[in-house]
Each structure stands twice: as C-alpha cells, then as structure tokens.
1. With axes computed from alpha carbons, what is the tilt in degrees of helix 231-243 against the longest principal axis of the chain, rounded to the nearest 10 within 0 to 90?
2. Assuming R0 = 51 Å, what is the FRET efficiency of ASP69 and GLU269, from their Cβ-Cβ distance, to the nearest 0.05?
3. Starting from the 7 Å offset along Cα-to-Cβ, what nm value, one decimal, do you get for the label separation of ASP121 and ARG42?
4. DSSP loop (so not H, G, I, E, B), at most 14 other Cβ within 10 Å: list which GluC sites (Glu not before Pro) in region 56-99 pass both filters.
5. R0 = 35 Å: FRET efficiency of ALA101 with GLU169, Cβ-based, nearest 0.05?
6. Tilt of helix 32-43 relative to the longest C-alpha principal axis of the chain, in degrees (0 to 90, nearest 10)?
7. Could you report the accessible area of PHE102 in Å², rounded to 10, computed with a 1.4 Å probe on the protein chains as they sit in the structure?
8. At a threshold of 8 angstrom on Cα-Cα distance, excluding pairs fewer than six apart, so keeping six or more, what relative contact order does region 1-66 reach in percent?
Amino acid sequence: MTSLPAVLPADSHVHSEFSWDTGGPGSAARGTMRATCERAVRIGLPGLFFTEHLDLEDSWFTDPEDFADHERHLVGEDGVVAVPRFDVEGYLEEIDRCRAAFPQLLIGTGLEFGQPGLRTDAARAQLDLSAFDRIIGSLHTVPIELPSADRESGGPERPADGARPPRPEHRAEPNTLFRRRPALEVVRDYLAEVPAQVAGEGPHEVVTHLDYAVRCWPEETEGPFDPRPLEEELRGAMRAIAGSGRALEINTRRLRPWIPQWWAEEGGEAVSFGSDSHTPLALAANFPEAMALADWAGFRPGRDPRELWRR
C-alpha cells in the first residue's frame, strides 16, 4: 500500500434541505447546506458536491412505515409516493451564497438522479442537466406486482370481452419488497436492473451505492449479509458499470471491502467517495478508512480533490 494523501477527497454525495427526504427547504432542515459547509471547513474537507435528489417516479409504491414521520405526508392512500419538484432556482441561489461565505471550500453543484435509465427524457424536459458539476446515478426501486385494484374495489367496468384492463407497473424500494419476497431474490432483482441504468448516454458519470438493496437487509431473519451467494450477480453489475465507462462510488455509510476489490477485478477504472450525508455530522464519514480501501485496490488520487480516483 502506498502512503495515503494528506488531503481528503471531496465528498461527492451530499444532501441539503433541497433534497425532499430531508423535509425540504421549508422544513426544519432549512440551513443544512450552510451548516454542512461550516462542518466541512471545520474538519478540513477541501470540497463537496451537493447532489440533491432528482426522483421522477410516477408509480412508486411504498408501505407507510418505510417513510419517516417527516416524509409520510408524501404517501397517498393508495401507497403511491408523490415527490415534490426539485427547487432548482432556490438551490442555485443558496449555492451562490455558500460559495461567497466559504471561499476556501470547493463547492460543486450536483444531482442524485434516480433511475436514470428510465427517467432521462423526463429529467431533460425539466432541467438543463449540463449545468451541474456532477451527476450521480442511483437505483432505488425495482418493479413490484401489486394485487389488482379491480379485485379490491370492483374497479373500472370491464370491456365487453371481459378482459381485465392493463395494470400499470409499480416500483418499490427493497425495504418494501423484503416483506413480500425472499431476501436473496430481492437483491438479485435489484442487481439485474443495474445494466439498464447504465446503458446508453445517460447524464451520470458515477453510479452510487451499489449495495443499496442491502441497507435494509433483514438480519433478524436472514442473519448478517454475506455477499458470496450473490458474487456472480454483484460482479456482473460491476462489469456493466465498468463497460459504460462510469465510475463507482464507495459509499461510506457502511464500508464493504469487497466492493473496491471486486470493482477493480471487473475492470473498474475510477471511484468516487460519497458519504450520502443528509445531516452535517454525517459529512465525510469514514473517509480515511475508505481511502485506505481504495488505495489497497489500486486507485490513486488526482491533483484536484474533486477528481475521481483512478487506477
């Protein structure tokens, strides 16, 4: 292992009050961006990207208990989530204020774009995606089959031929799916969706939290998560990402040493570091340990802390 650089890399995955799951800019989360910048300066972090959520799902189903109290008002009686529109104007104004207040800090704009393989056209219709410094792509939901509303409530009148009207596809997060399907099957289905999210010319240069489906792994019934039964699927997802030319994020919420190792072995050329912080205290969590893992797997920093680490 080489000696690690004295300077931390930029945190490439940071949320503020402009991400809907913090509560939004009109909630108690107001001021999170400024407070996060203050903490960055305090801990010696040279730069960060505020990658706010851009979620354009129109058929996202959830169980109410899978949403925190401050988010639950977004869940309709039918279980479908309605995410508020991203306030890009307010976000950019606050970015400018923070850049003026913290000139020593490299502050980049960004988006965490959910399901880019499905929603790129919708995103481009709303935003100038080229205006953001870093876009990271995330996979949060996979298809779920729900009982037909026709069976539950009588539903719409059927056609004369008696055929059932087509049912729209819903999608759900892994925590919702774990209550309905075997745990390994849920993770396999999640990983099988990854190639579609990196195919084509999507705007994201980094794929974030490949282990997202494992965050809510049901340890009570399944025991601690073991990646070995899913090694083929995990490596296959990594090969798809590497083949697209994108980088993989080392998400530092939970460090998994096999991620940078297998990523390098499957042809991955670059990594970013992301805390996925939604509060200032979580900023750059576990970065020294993540840097050591990346270095051990053969990734090296560039001259600028905002640059990806490359092999």
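The values are calculated or read from the model by the stated rules, or taken from the named source; none is laboratory data. Predicted model, so just to flag it, every value in this text is computed and none were measured. Positions of Cβ are generated from backbone atoms using ideal geometry, with glycine treated the same way; all protein chains shown enter the neighbour counts. When the accessible area is computed, the model is the full protein with side chains, heavy atoms only, and any ligands, DNA or RNA have been set aside. Shrake-Rupley method; radii C 1.70, N 1.55, O 1.52, S 1.80 Å.
1. Between helix and principal axis, roughly 70 degrees.
2. Working: r = 42 Å, r/R0 = 0.82.
Computed FRET efficiency for ASP69 and GLU269 comes out at 0.75.
3. Distance between label points: 4.7 nm.
4. Working: sites: GLU57, GLU65, GLU71, GLU77, GLU89, GLU93, GLU94; in loops: GLU57, GLU71, GLU77.
In loop regions of region 56-99 (DSSP not H, G, I, E or B), the sparsely surrounded GluC sites (Glu not before Pro) are GLU77.
5. Numbers: r = 45 Å, r/R0 = 1.29.
Once the sixth-power term is evaluated, E becomes 0.20.
6. 30
7. Accessible area, nearest 10 Å²: 20 Å².
8. Values: 64 pairs, mean separation 27.2, N = 66.
Relative contact order, region 1-66: 41 percent.
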